[in-house]
Amino acid sequence: MSSERESFEPTPIIRQFATILRPDDAEPPVLARNVRESVHQWFTELQSEKELEQVNLKPRRTCIMGGPPGCGKTTLGHHLAARQGLPVVVVDMASLVSKWLGESGRNIRDLFRDLFAQIETQADLCVLFLDEFDAVGIKRMSNGSGADNERNAIVVTILQQIDRFSGTLLAATNRPDDIDPAIWRRFGVHLDIGIPDDDCRYAIIARYLSPLTLPEEAIDKLVKFTAGATPALLRQLMEGVRRDLVLAPKFKRDTSALAVFRRVITSVRPHADMTIPELWGDRKALDEVSKIAWPPEWPSGRGTGE
Ligand SMILES: Nc1ncnc2c1ncn2[C@@H]1O[C@H](COP(=O)(O)OP(=O)(O)O)[C@@H](O)[C@H]1O
Ligand SMILES: [Mg+2]
């Protein structure tokens with residue numbers, strides 16, 4: 001069935017300015033319940049064109065996602081596209097703008113117009129993802145400088161393109177509060193993907209500890225002392241633990257929980273702009289974590305070589 005379907009063919013301009021993520025390697029992000037429900041409803045909506053027509057509605061095709069770096073915006077966009085069996089074309093607006101703003105030669109507006117036009121020809125074969133959208137979507141500035149004028153002109157162009165685009169369009173930003181209200185309104189669905197709560201952290205920690213496992217109380221303790229951590233940091237933490245458990249014995253290093261976590265939190269740290277979870281900020285938290293049942297269980301009961 002899917003083999004009869006035409007497949008997405010990136011044109012040179014798309015290849016030059018976008019990254020294409022294919023459906024095969026998408027992973028569903030762990031999301032708070034209300035976000036998960038909104039996503040699920042939107043997905044159903046996209047598939048309910050006929051029914052919605054009866055009440056004079058069309059499925060919403062545009063969505064803007066806000067949330068700090070590393071909370072799963074790209075992961076969610078990739079997953080949403082994959083659920084429709086489509087690749088996602090990710091355009092990093094920040095690097096596009098910084099590369100082209102103020103450059104003589106080709107006008108950045110032309111570039112966007114071309115890019116949209118090219119993607120439009122295959123709009124039902126891919127999902128378009130405008131990443132770092134604040135680079136073009138922040139509140140209009142008006143101190144009259146040339147760069148501002150150029151930026152405002154870009155915003156107008158992009159708005160026109162968004163309105164005309166017929167496929168599914170996602171945008172993501174770390175600074176939802178700074179997005180121009182007129183632009184915000186253009187998007188049909190607004191998702192706020194925040195820092196994970198306790199339940200989400202539990203699921204994320206367990207996912208990235210896998211295939212190793214720890215008893216529930218041990219994971220609960222990790223959940224407690226990682227409040228404020230992004231999913232990306234939790235992933236690095238738990239991958240760090242797995243990595244350390246394999247490598248430490250090669251150096252005849254101590255593989256106690258205290259030693260492992262101490263090494264991992266030294267090499268994996270929250271960004272200075274983000275909340276510092278207790279595990280990184282408080283020696284007592286590390287002591288508490290080092291009392292958890294240890295070591296993790298390996299699949300089919302393999303030991304850590306201790
Ligand atoms: N909600 C989540 N659930 C599971 N893993 C996540 C989640 N958010 C981020 N990650 C992991 O963290 C990394 C960065 O996520 P990404 O989607 O690029 O974040 P963002 O686009 O919001 O900056 C990815 O490797 C992803 O697997
Ligand atoms: Mg991203």
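The values are calculated or read from the model by the stated rules, or taken from the named source; none is laboratory data. All values derive from a computational prediction rather than experimental measurement. Here the Cβ positions follow ideal geometry from the backbone for every residue, glycine too, while neighbour counts run over all protein chains shown. Areas reflect the complete protein model, heavy atoms only, side chains present, ligands, DNA and RNA absent. Shrake-Rupley method; radii C 1.70, N 1.55, O 1.52, S 1.80 Å.
Along the positive direction of the dipole of the chain (beta-carbon charges: Lys, Arg +1; Asp, Glu -1; about the Cα centre), which of SER256, ALA123, ALA81 reaches farthest?
Going by the Cα projections, it comes out as SER256.
With unit charges on the beta carbons (Lys and Arg positive, Asp and Glu negative) and the dipole taken about the Cα centre of the chain, which residue among CYS71, LEU233, ILE193 sits farthest to the positive side?
Final value for the positive-end residue is LEU233.
Going by Cα centres, segment 162-203 and segment 50-128 are how many Å apart?
12 Å
Cut-off 10 angstrom, C-alpha nodes, Gaussian network model of the chain. Which of ALA153, ALA172, ALA32 fluctuates the most?
Looking only at ALA153, ALA172, ALA32, the largest GNM fluctuation is found for ALA153.
Whenever you get a sec, compute what percent of the accessible area on segment 198-301 sits on carbon and sulfur atoms (1.4 Å probe). If you can, show how the numbers build up before the last one.
Values: 2780 of 5460 Å².
Heavy-atom surface of segment 198-301 belonging to carbon and sulfur, 1.4 Å probe: 51 percent.
Which trypsin sites (Lys or Arg not before Pro) does segment 54-129 hold that lie in a coil by DSSP with at most 11 other beta carbons within 10 Å?
In loop regions of segment 54-129 (DSSP not H, G, I, E or B), the sparsely surrounded trypsin sites (Lys or Arg not before Pro) are ARG106.
Could you give the length gained on full extension between ASP198 and SER256, defined as 0.36 nm per residue of separation minus the Cα-Cα distance, in nm? Spell out each step's value before the answer.
Details: separation 58, 0.36 × 58 = 20.88 nm, distance 2.53 nm.
Taking 0.36 nm per residue and subtracting the Cα distance, the gain is 18.3 nm.
Between segment 217-269 and segment 278-298, what is the separation of their alpha carbon centroids in Å?
Centre-to-centre distance over Cα atoms comes out at 8 Å.
Please list TYR208, TYR202 in order of solvent-accessible area, largest first, computed with a 1.4 Å probe with all protein chains present.
TYR202, TYR208
Ignoring ligands, DNA and RNA, what percent of the accessible area of segment 2-192 is carbon or sulfur (1.4 Å)? Before the final figure, lay out the partial values.
Values: 4500 of 9800 Å².
Of the solvent-accessible surface of segment 2-192, carbon and sulfur hold 46 percent.
Nearest 500 deg cm²/dmol is fine: what mean residue ellipticity at 222 nm does the chain get from its DSSP H runs of n ≥ 4 alone, each adding -39,500 (n - 2.57), divided by its residue count?
Numbers: 15 runs with 147 residues, N = 306.
Result for the chain, helices only: -14000 deg cm²/dmol.
Calculate the FRET efficiency for VAL189 and LYS224 from the Cβ-Cβ distance with a Förster distance of 25 Å, rounded to the nearest 0.05.
Values: r = 33 Å, r/R0 = 1.33.
The pair VAL189/LYS224 has a calculated efficiency of 0.15.
So what are segment 2-192's ellipsoid semi-axes, whole angstrom, largest first, if each one is the square root of 5 times an eigenvalue of the alpha-carbon gyration tensor? Please list the in-between numbers first.
Working: eigenvalues 146, 77, 54 Å².
With the √(5λ) rule applied to segment 2-192, the semi-axes are 27, 20, 16 Å.
Rounded to the nearest whole Å², what accessible area per residue is found for the chain with the 1.4 Å probe? It would help to have the intermediate numbers written out before the result.
Working: 16080 Å² over 306 residues.
I get 53 Å² per residue for this part.
Only four residue types carry charge here, +1 at the Cβ of Lys and Arg and -1 at the Cβ of Asp and Glu. Report the dipole size of the chain about the Cα centre in Debye, rounded to the nearest 20. Before the final figure, lay out each step's value.
Working: 39 positive and 43 negative charges, 133 e Å.
Using only the charged Cβ atoms, the result is roughly 640 debye.
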